[in-house]
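This report concerns only the one structure given below.
The values are calculated or read from the model by the stated rules, or taken from the named source; none is laboratory data. None of these values were measured; they are calculated from a predicted model. Here the Cβ is made from the backbone with ideal geometry for all residues, glycine too, and neighbour counts use every protein chain on show. Ligands, DNA and RNA are stripped out before the accessible areas are found, and what is left, the full protein with its side chains, is counted by its heavy atoms. Shrake-Rupley method; radii C 1.70, N 1.55, O 1.52, S 1.80 Å.
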Amino acid sequence: MNLMGHQKAAFDMLTRLYTPQTICQSDFLLKILLWYTRFDLFVGLQSGGGAVLDRDWYYAVHRCYITKVRDNPENMGYKYDERFAFSRIVAKESSDLFSRMGKGLLSPHEFMEQLPSVQSKVESLAKDIGPDLQDSAYKVENIPGRSGPDDIVNAFEPNVIWADDLWTTNFLLLDFWSINFMFNISISMAFKKPFAPELTELAYKSAQIFEAMCAYPNAPEGTIIEAQVSFAIATLFLPKDPKTMQWCRRTFAKVESRGYIYPDAMRNRMLEAWGLEPSDWWLPNDEGCPPIIRSIKDFIRERSTAPKDQVSEDLKEMRGIFSSLNISDSPGSDNITVTSNDSGAGGMSAPGQFTASPDW
């Protein structure tokens, strides 16, 4: 709910201050819009209500980056931003399709007519990255370490991730795959059918890239936090055998131990799917939970719960002031007299001086 409050506030500021045309006047504003479109989709997909920003905004930022790539063919940043902007369009179209169907704004016939086009775009995302962003010369051939018996993927396999100038390609793939996963979740709910088996293989690839990015010693600070957003949805497509479930629990605990606090609803729904009891931590007995994270989680829980006793409730309602005071009890304006007269010589008061009736 807090996330949705921030999203609504950002939406209001964005649409009051700018239009799809004026937002494209600077790189800084474009970055804001590119950030917001992801934020918009993130909230819409979690709530099931769809993204709220009109498609014109999504198309505007993508057209702008197409122009920048054309005018600056050597700028890798613009190439990445163009691909991210395009993926937002595809995610928006997917979100809108299922949202409109769910709200009864599309007939089943119209839905089935539009579905193949959206599906084709979703499945083509990872295929259309382009050779410049997948240069094999930037593949990481060696990551120190080796997989253990509890791992479900080999994070140390050569040529799994890209480094240096193409490090962002790793995020790009995770992002594209997460859109694919979300699309297939929507398909599964719409047609009441299980996930396609090939999605499990894709989930393993997502897990391997995520683990390799975390294990890479030259990874930028904050990699695990940024990568987990796209990776987390992949775990829904992994098998539910004990080893895989335990690996997922350890991985989510690792993410939260770095400061990203998952919502209780998400954690408990995942634990429920694994046949486990609800909890505010992924592992038994707070295993792997740093004291500072435990303190934050306790603070969040205390703030979000209702007052537990009468004193707390009275404080919340400020009853010590307002329980016996009515607005009608306030003094009327005829009881107060502001004057410029002064008892001293000259008959003028000091600035701001006033007198009031004895009753007041």
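Whole-Hz Karplus values for segment 220-237 come out as x, 4, x, 4, 4, 5, 5, 6, 5, 4, 7, 6, 4, 5, 5, 5, 5, 9 Hz, taken residue by residue from phi with 6.51 cos²θ - 1.76 cosθ + 1.60 and θ = phi - 60°; glycine and proline positions read x.
Of the trypsin sites (Lys or Arg not before Pro) in segment 216-255, the ones in a loop by DSSP (not H, G, I, E or B) with at most 13 other beta carbons within 10 Å are LYS240.
Full-extension gain between LYS193 and ASP12, please, as 0.36 nm times their residue separation minus the C-alpha to C-alpha distance. The partial results should precede the final answer.
Values: separation 181, 0.36 × 181 = 65.16 nm, distance 3.82 nm.
Between LYS193 and ASP12, full extension yields an extra 61.3 nm.
Mind giving me the FRET efficiency for ASP71 and SER117? R0 is 45 Å, r the Cβ-Cβ distance, nearest 0.05 is fine. Don't skip to the end; give the middle numbers.
Values: r = 30 Å, r/R0 = 0.67.
Approximately 0.90, to the nearest 0.05.
Subtracting the Cα-Cα distance of LYS240 and TRP35 from their residue separation scaled by 0.36 nm leaves 70.4 nm.
Let me spell out the model: positive unit charges on the Cβ of Lys and Arg, negative unit charges on the Cβ of Asp and Glu, origin at the Cα centre of segment 92-228. What dipole size does that give, in debye rounded to 20? Write out the running numbers ahead of the final one.
Values: 10 positive and 20 negative charges, 135 e Å.
Here the size comes out at about 660 debye.
Based on Cα contacts under 8 Å between residues 6+ apart, segment 103-235 shows a relative contact order of 25 percent. Here segment 101-141 exposes an accessible surface that is 49 percent carbon and sulfur, computed with a 1.4 Å probe and the other protein chains kept in place.
With a Förster radius of 45 Å applied to the C-beta separation of ASP128 and GLN310, the computed FRET efficiency comes to 0.10. Annotation: peptides 275-282, 169-176, 32-39, ranked by per-residue average of other Cβ atoms within 10 Å with the highest first, follow the order 169-176, 32-39, 275-282.
Of all GluC sites (Glu not before Pro) in segment 218-313, which ones are in loop regions per DSSP and have a Cβ with at most 15 other Cβ atoms within 10 Å? Let's see the in-between values first.
On the way: sites: GLU221, GLU226, GLU256, GLU272, GLU287, GLU302, GLU313; in loops: GLU221, GLU287.
Answer in residue order: GLU221, GLU287.
Which pairs, out of LYS205/LYS240; LYS92/LYS121; LYS139/LYS254, put more than 21 Å between their alpha-carbon atoms?
LYS139/LYS254
Under the combined filter of DSSP loop state and at most 11 neighbouring Cβ atoms within 10 Å, segment 97-172 retains these trypsin sites (Lys or Arg not before Pro): LYS103, ARG146. Note that segment 23-35 has calculated 3J(HN,Hα) couplings of 5, 8, 7, 8, 4, 5, 5, 4, 5, 4, 5, 4, 5 Hz, one per residue in order, obtained from phi through the Karplus relation 6.51 cos²θ - 1.76 cosθ + 1.60 (θ = phi - 60°); glycine and proline are x.
What FRET efficiency would be calculated for the residue pair ARG303, ARG55, taking the C-beta separation as r and a Förster radius of 25 Å, to the nearest 0.05? Please list the in-between numbers first.
Numbers: r = 37 Å, r/R0 = 1.48.
The formula returns an efficiency of 0.10 here.
Label positions at THR200 and GLU272, each projected 7 Å from the Cα along the C-beta direction, are separated by 2.4 nm.
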